1. Over 25 Å from Gly10 (Cα atoms), touching a strand residue (DSSP E or B) at 6+ places or on another chain (Cβ under 7 Å) and either touching a residue at least 40 places away in the same chain (Cβ under 8 Å) or open to solvent by less than 40 Å² (accessible area, probe 1.4 Å) (or both): does that describe Leu183?
2. Could you look through segment 136-160, keep only residues that are among the acidic types (Asp, Glu) and open to solvent by 80 Å² or more (accessible area, probe 1.4 Å), and pick out the one that is nearest to Val60 (Cα to Cα)?
3. Residue pairs, Cβ under 7 Å, 6 or more apart or interchain, first in segment 11-37 and farther than 16 Å from Tyr92 by Cα, second aliphatic (A, V, I, L, M) and open to solvent by 30 Å² or more (accessible area, probe 1.4 Å). List them.
4. Suppose the filter is crowded, with 20+ Cβ neighbours inside 10 Å, at pLDDT 90 or above and out of contact with any His (no Cβ under 7 Å at 6 or more places or on another chain); does Ala97 pass it?
5. Given (1) farther than 29 Å from Val214 by Cα; (2) open to solvent by less than 70 Å² (accessible area, probe 1.4 Å), where does Ser113 come up short, assuming only one miss?
6. For segment 198-214, indicate whether the set of residues that are part of a loop (DSSP other than H, G, I, E, B), touching a residue at least 24 places away in the same chain (Cβ under 8 Å), open to solvent by less than 10 Å² (accessible area, probe 1.4 Å) and small (Gly, Ala, Ser) is non-empty.
7. Have a look at Ala8, Ala84, Ala28 and point out the one that is within 15 Å of the chain's Cα centre (by Cα), at pLDDT 80 or above and assigned to a helix (DSSP H, G or I).
8. Identify the single condition in (1) open to solvent by 30 Å² or more (accessible area, probe 1.4 Å); (2) farther than 21 Å from Val118 by Cβ that Val29 does not satisfy, given that it satisfies every other one.
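The values are calculated or read from the model by the stated rules, or taken from the named source; none is laboratory data. Because the structure is predicted, anything quoted here is derived from the model rather than measured. Don't worry about glycine lacking a Cβ; one is built from the backbone with ideal geometry, like all the others, and counts go over all protein chains shown. Quick note on the areas: whole protein, heavy atoms, side chains included, nothing else; ligands and nucleic acids left out. Shrake-Rupley method; radii C 1.70, N 1.55, O 1.52, S 1.80 Å.
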Amino acid sequence: MGQLTVIAFGGNALLDPDLPLGIDSQFAVAARAVKPIADLVAASAWPDRIVLTHGNGPQVGFQALRSELSKDELFEVPLDALVADTQGNLGYTLQRALREELLRRGLAHNVVSVITEVEADPDDDAFKEPTKPIGRFYTEAEAQILGSERGWGMKEDPHRGWRRVVPSPAPVRIVQLESIARLTDQRSIVICCGGGGIPVMRMPDGSIVGLEAVIDKDRASALLGVRLGAQRLIITTAVDGVYQGFMTPSAKRFDTLNLTELRALADAGEFPPGSMGPKVKAADRFLTHGGRDVIICKPEALMDAWHGHAGTRIVPG
């Protein structure tokens with residue numbers, strides 16, 4: 001069936017702080033974000049099959065705030081449903097933007113979004129110690145009330161306030177995997193696993209229930225790539241590659257790393273959990289389970305990184 005590539009980009013790539021918040025701005029930013037992907041599709045050596053995943057952190061935050069502000073008039077929306085809402089919204093935005101960008105180039109590829117549930121293990125240690133911040137900031141007094149009345153885990157962010165924290169369990173199964181695979185086999189460009197997927201748990205009777213949790217988008221993308229048999233995983237981010245001594249005078253960006261070198265850097269504490277850490281873990285998992293390579297780069301450098309002229313390429317070994 002030819003090469004399959006999973007491209008994961010963050011929710012912040014779909015948000016421009018210089019533009020006013022609103023649907024028009026969201027479509028404008030999406031139109032800009034998909035151009036490098038269209039460049040790749042239009043190239044003569046484009047990967048035969050592409051699957052896109054995306055983050056949704058800022059968007060879930062907006063929806064959570066909207067739900068909270070309207071709670072006296074309407075029902076509040078649980079976190080799994082908020083992820084589903086943003087998956088649908090961003091999926092629509094991205095598929096429309098990419099389809100129209102391709103049509104402008106004379107290309108008529110089918111682009112489709114799949115609302116994707118991702119299972120977590122109910123025994124995951126993440127449920128014992130929530131760490132993923134979501135939503136807006138609160139005062140300490142407000143945090144104490146929310147913790148008492150709603151049972152929310154609350155954590156202080158120095159100098160900014162308190163935020164709700166939820167578990168971030170590892171993804172173990174992608175519920176719609178078979179549908180995604182069939183669509184890629186038909187050469188559709190598939191958008192899925194938005195925000196890491198809708199967090200769900202399978203019950204003993206086989207039914208599925210939603211979770212008040214967030215699944216890391218990069219880890220879900222790695223799992224997706226492994227299960228689909230993808231050869232390449234591309235993770236786009238605000239940083240132009242993998243660094244040693246990031247943000248220090250001696251910072252060094254790597255053009256290429258093998259997995260052994262990457263693990264040594266990780267063991268030395270080079271990749272903090274809140275920044276490059278999840279991406280490195282995703283790269284490790286993908287390569288350990290048969291992936292050919294992982295590229296970490298800026299979104300706008302996608303084509304250059306594809307050809308080895310930007311970003312960091314990580315390989316087995």
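1. On the way: over 25 Å from Gly10 (Cα atoms): no; touching a strand residue (DSSP E or B) at 6+ places or on another chain (Cβ under 7 Å): yes; either touching a residue at least 40 places away in the same chain (Cβ under 8 Å) or open to solvent by less than 40 Å² (accessible area, probe 1.4 Å) (or both): yes.
No, not satisfied.
2. Here the residue is Glu156.
3. From residues that are farther than 16 Å from Tyr92 by Cα, the pairs are Asn12/Ala238; Leu19/Ala28; Pro36/Met303.
4. So Ala97 fits the description; yes.
5. It is condition (1) that Ser113 fails.
6. Yes, segment 198-214 contains at least one residue that is part of a loop (DSSP other than H, G, I, E, B), touching a residue at least 24 places away in the same chain (Cβ under 8 Å), open to solvent by less than 10 Å² (accessible area, probe 1.4 Å) and small (Gly, Ala, Ser).
7. Just a single option satisfies the conditions, and that option is Ala84.
8. For Val29, the failing item is (1).
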